[in-house]
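The values are calculated or read from the model by the stated rules, or taken from the named source; none is laboratory data. Because the structure is predicted, anything quoted here is derived from the model rather than measured. Cβ coordinates were reconstructed from backbone atoms using ideal geometry, including for glycine residues, and neighbour counts include every protein chain displayed. In case anyone asks, the SASA skips ligands and DNA or RNA and just uses the protein heavy atoms, side chains included. Shrake-Rupley method; radii C 1.70, N 1.55, O 1.52, S 1.80 Å.
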Amino acid sequence: MSAPRLARSPGGAVLVALAVVGTAVLVLPLVALLLATPWTALPTLVADAQVLQALRLSLLTAGCATLAALVLGVPLAWVLAHDDLRGAWLLRSLVTVPLVLPPVVGGVALLLLLGRRGLLGGTLDTWFGVTVPFTSVAVVLAQLFVSLPFLVLSVEGALRGADRRRALAAQTLGASPAYVLRRVTLPAVAPGVAAGAALCFTRALGEFGATVTFAGSFPGTTRTMPLAVYLAMDAAPEQAVAMSVLLLLLSVAVLLALRGRWLGGLPGAHAARSGRGPR
């Protein structure tokens, strides 16, 4: 049913109006940001040495967090996609906790785990002389903590929607679970993996609360773009706006670059492209 036809009924008109308001809530802040952007001075503002330093650190740490999420998240999603796993509901609940947990609480939890007096941090410091907090590694761990669930849930959804007959045939022929996952299942759910990786990367790129709590804000080491934006809001508002626009453009570019894979990895995407949907 098209939107104009839907709007002819009283109930449909209310739904369309609410949808317009919901769209405005998402779009108008971005419009305000773009209108406030000093476009003529934008190249100079983003070419500042401190901005480029924060940008390089953000891209590097977000990339590392995404790679770590792929290594850890794909097997975790594969485990969750098996309905015969006992306690799967509890494991899935634990995976989704970072989605609803305030990021700053995640930073505190990481600090209590890996700080010098933390559950594991004391041992690392005493036995190996390794200190994790307030380092670039801490930034990666904070980003991984908040972004990993996006990849896991995306890949799990793709695995559940995939045709399992080829995997079952490979297992019948004696293939190991690792071989089936690597050579049969993963190629079939590649769009879902790409979609999850894109979400993971963009979420890691914008992480603030857990990073500032667990890693601090040291230039060149832990001061990522979101932290630089926050610090520039008082001292250099135009630069803060310029960095915000740069982050926005980077996030949109990632999603646009993976648009086809993103749509392919979503449940119901094929039906949407073929014109099938709710009537």
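Observations on the structure shown:
- Residue in segment 110-120 that is within 20 Å of the chain's Cα centre (by Cα), within 20 Å of PRO149 (Cβ to Cβ) and surrounded by 14 or more Cβ atoms within 10 Å (Cβ to Cβ) present: yes
- Output for segment 148-178, where each listed residue is among the polar types (S, T, N, Q) and open to solvent by 30 Å² or more (accessible area, probe 1.4 Å): GLN171, THR172, SER176
Residue by residue, here is whether (1) of a type outside the set (Ser, Thr, Tyr); (2) in contact with a Leu (Cβ under 7 Å, 6 or more places away or on another chain); (3) in contact (Cβ under 8 Å) with a residue 24 or more places away in the chain; (4) within 30 Å of LEU148 (Cβ to Cβ) holds:
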position	(1), (2), (3), (4)
VAL16	yes, yes, no, no
THR23	no, no, no, yes
PRO29	yes, no, no, yes
ALA32	yes, no, no, no
ALA41	yes, no, yes, no
GLN50	yes, no, yes, yes
GLY63	yes, no, yes, yes
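- Residue match in segment 130-147 (condition: surrounded by fewer than 13 Cβ atoms within 10 Å (Cβ to Cβ) and either within 21 Å of VAL193 (Cα to Cα) or of a type outside the set (Lys, Arg) (or both)): no
- Only listed residue being at pLDDT 95 or above and either within 30 Å of MET243 (Cα to Cα) or part of a loop (DSSP other than H, G, I, E, B) (or both), chosen from LEU99, LEU57: LEU57
Residues are listed down the side, and each one gets a yes or a no for (1) modelled with pLDDT of 95 or more; (2) touching an Asp or Glu at 6+ places or on another chain (Cβ under 8 Å):
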| residue | (1), (2) |
| --- | --- |
| PHE208 | yes, no |
| VAL212 | yes, no |
| ALA215 | yes, no |
| ARG223 | yes, no |
| PRO226 | yes, yes |
| TYR230 | yes, no |
| VAL245 | yes, no |
| LEU249 | no, no |
| VAL252 | no, no |
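- Members of segment 213-240 that are part of a helix (DSSP H, G or I), open to solvent by less than 70 Å² (accessible area, probe 1.4 Å) and touching a Leu at 6+ places or on another chain (Cβ under 7 Å): THR213, PHE214, MET225, GLN239
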